[in-house]
Amino acid sequence: MNTREWIDLEKNVLLHTYARPDFVISQGRENVLYDLEGRAYLDFVSGIAVCALGHVDEECVDALTQQAEKLWHCSNLYHTESQVKLAQLLVESTFADKVFFCNSGTEAVEAAIKFARKWGRAERGGAFQILSLKRSFHGRTYGALSATGQPNLQQGFEPMLPGFVFADFNDLLSVEKALSPSTCAILVEPVQGEGGIYPASVEFLQGIRRLCDRENVLLILDEIQCGFGRTGYFCAHEFYDIYPDMMTCAKPIAGGLPLGAVLLRDAVAACVEPGDHGSTFGGGPLVTAVAHRVLSRLKDQQFLSEVRNKGNYLMSQLNILQQVQSHIVEVRGQGLMIAIQLAVDPKQVIQHCAAEGLLICKAGGQAIRFLPSLTVTLPQIDNAVNILSRVLSRIGENGDTSS
Ligand SMILES: *Cc1c(COP(=O)(O)O)cnc(C)c1O
């Protein structure tokens, strides 16, 4: 079947929840994707910050095939080796004392909400409320959606789960005002991802940590998008020199396989008992075997310092472009998590970039996101910026393309 036929068939059989461009991706290798017609695309989306080591990484293929010959699944009713090995790696390389595994980001957030409420019941007189931030994104299931600070994503699906309040991002006073005796936790993305790549200020995140300590409230960091090397630190919060009480993880953790996790301090872990929460698939042998290989590489200090350098380079190239390109309103981000705010329709820019062989994606409001694999090279960064520059200069003042 050709591209047209696949897309027509898809229209008939697949629920339409995504507006997709008109090519069919069939292969990936390192930082490049290929469509059915054999066209190559430089991938600056990496599966939405998932494929941190690029596509079809050799070592990950080894880990996956070795485990596939041994054991695929036996449920969480039994002890298995690779799950424990991965938890050990996470505990050794982060603030965490304990780890809970699930299958996705939204499930990690659901679990964190449940654990926070269990803790609030035991340790804070029944406090159950979660204080979240405006413009945040935490997932699509009801708990995580209720915690998401974007009313347009909730529209049509009300009522939301009760017990969520929202404060302004990077405004400590607003957080302080929203705090009440019923608050059990504050939930924050150190760098807001879907909302448009907005890094928290150091004063804001450190201020929240102090507030949580003073008021005996948990700090939950959602590092599903910004964690595990994306910002140039193994955990994004290392840059802020603070520790959370819980952290939600997912996207890059298993290099493209579905795995989510909640990292917990013992003070919270102590409130969770057998039977309180679970997952049939969570942390299965295949995904944890691959995740161990992925995280062993992402936590390497040399690797992380290269991510910071490459991120700084991309940021500086975009800043230079901004000076000659009036369509760029702002460049912001951290590490290899960067967005540019546009004065023109981002959809059009994304479409034209794809036609020129560069994949980028939208981020909240009028912005486009750069989330290349962390193994991206400097020449690939140059290439991407050149394509973007060409596309932007072709788009006229009113957003029309002149050629
Ligand atoms: C993507 C994302 C989620 C949801 O993860 P899914 O795996 O899509 O459920 C939650 N929080 C943040 C910060 C994310 O970027």
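The values are calculated or read from the model by the stated rules, or taken from the named source; none is laboratory data. Computed from a prediction, not measured in an experiment: that's the story for all the values here. Virtual Cβ from ideal backbone geometry, glycine too; neighbours counted across all protein chains shown. The protein model used for the area step is the full one, side chains on, heavy atoms only, and it has no ligands, DNA or RNA in it. Shrake-Rupley method; radii C 1.70, N 1.55, O 1.52, S 1.80 Å.
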Practice task
Considering Cα pairs under 8 angstrom that are at least six residues apart, work out the relative contact order of segment 1-124 and quote it in whole percent.
Solution key: 12
Completion exercise
Classified through the alpha carbon gyration tensor (a ≥ b ≥ c as square roots of its eigenvalues; rounded if a/c is under 1.5, else prolate when a/b is larger than b/c, else oblate), segment 231-360 comes out prolate
Practice task
Whole number in Å², please: accessible area per residue of the chain, 1.4 Å probe, ligands, DNA and RNA not counted.
Solution key: 46
Handout entry: Residues whose placed amide H lies under 5 Å from that of SER104, excluding near-sequence neighbours
Key = GLY260
Practice task
Keeping every protein chain in place, order THR141, THR231 by accessible area at 1.4 Å, biggest value first, i.e. largest first.
Solution key: THR141, THR231
Fill in the blank from the handout: Residue-ordered couplings for segment 155-161, obtained by feeding phi - 60° into the Karplus form 6.51 cos²θ - 1.76 cosθ + 1.60 and rounding to whole Hz (Gly and Pro as x), are 4, x, 10, 5, x, 6, 5
Completion exercise
So the FRET efficiency between GLN155 and LYS134, C-beta based with R0 = 22 Å and rounded to 0.05, is 0.90
Exercise for the section: Calculate the all-directions average of the projected area of the chain's alpha-carbon convex hull, and give it in nm². Expected result: 20.7
Exercise for the section: May I ask you to list the GluC sites (Glu not before Pro) in segment 31-80 that are in a DSSP loop and have at most 12 other Cβ atoms within 10 Å of their Cβ? Expected result: GLU37, GLU69
Handout entry: Cα-centred dipole magnitude for the chain, charges only on beta-carbon of K, R (+1) and D, E (-1), debye, nearest 20
Key = 420
Exercise for the section: Pull up the cross-link candidates among the lysines for LYS70, meaning alpha carbon to alpha carbon under 22 Å and not fewer than 8 places away within one chain. Expected result: LYS85
Exercise for the section: Any chance you could give the angle, 0 to 90 degrees and rounded to 10, that helix 378-394 forms with the longest Cα principal axis of the chain? Expected result: 60
Practice task
Please list, in chain and number order, the residues 5+ apart from GLN192 or on another chain whose amide H is under 5 Å from its amide H, with Hs placed from the backbone.
Solution key: TYR198, ALA200
Exercise for the section: In a Gaussian network model over the chain where Cα atoms closer than 10 Å are linked, find which of ILE242, ILE208, ILE197 has the largest mean-square fluctuation. Expected result: ILE242
Practice task
For LEU358, list long-range residues whose amide hydrogen, built 1.01 Å from N in the peptide plane, is under 5 Å from its own amide hydrogen.
Solution key: LEU42
Fill in the blank from the handout: Karplus-derived 3J(HN,Hα) from phi for segment 273-289 (6.51 cos²θ - 1.76 cosθ + 1.60, θ = phi - 60°), whole Hz, x at Gly and Pro, runs 10, x, x, 5, 8, x, 6, 5, 8, x, x, x, x, 5, 5, 6, 4
Practice task
Mind pulling the angle between the C-alpha long axis of helix 202-215 and the longest principal axis of the chain? Nearest 10 degrees, somewhere in 0 to 90.
Solution key: 20
Handout entry: DSSP bridge orientation in the chain - percent antiparallel, rounded to nearest 5
Key = 65
Problem - Cα gyration tensor, segment 238-292 - rounded (a/c under 1.5), prolate or oblate - result: oblate
Practice task
Using a 1.4 angstrom probe on heavy atoms only, work out the carbon and sulfur share of the accessible area of the chain in %.
Solution key: 53
Practice task
For segment 94-237, just say rounded, prolate or oblate: build the C-alpha gyration tensor, square-root its eigenvalues into a ≥ b ≥ c, call rounded for a/c under 1.5, and beyond that prolate if a/b exceeds b/c, oblate if not.
Solution key: rounded
Fill in the blank from the handout: Rounded to the nearest 10 degrees, the helix 58-68 long axis (Cα) sits at an angle to the longest Cα principal axis of the chain of 50
Completion exercise
Once phi for every residue in segment 316-328 is put through the Karplus expression 6.51 cos²θ - 1.76 cosθ + 1.60 (θ = phi - 60°), the whole-Hz ³J(HN,Hα) values, with Gly and Pro written as x, are 5, 5, 6, 5, 5, 4, 4, 5, 10, 10, 6, 6, 8
Handout entry: Estimated inter-spin distance, HIS79 and TYR34, nm [label 7 Å along Cα→Cβ]
Key = 4.6
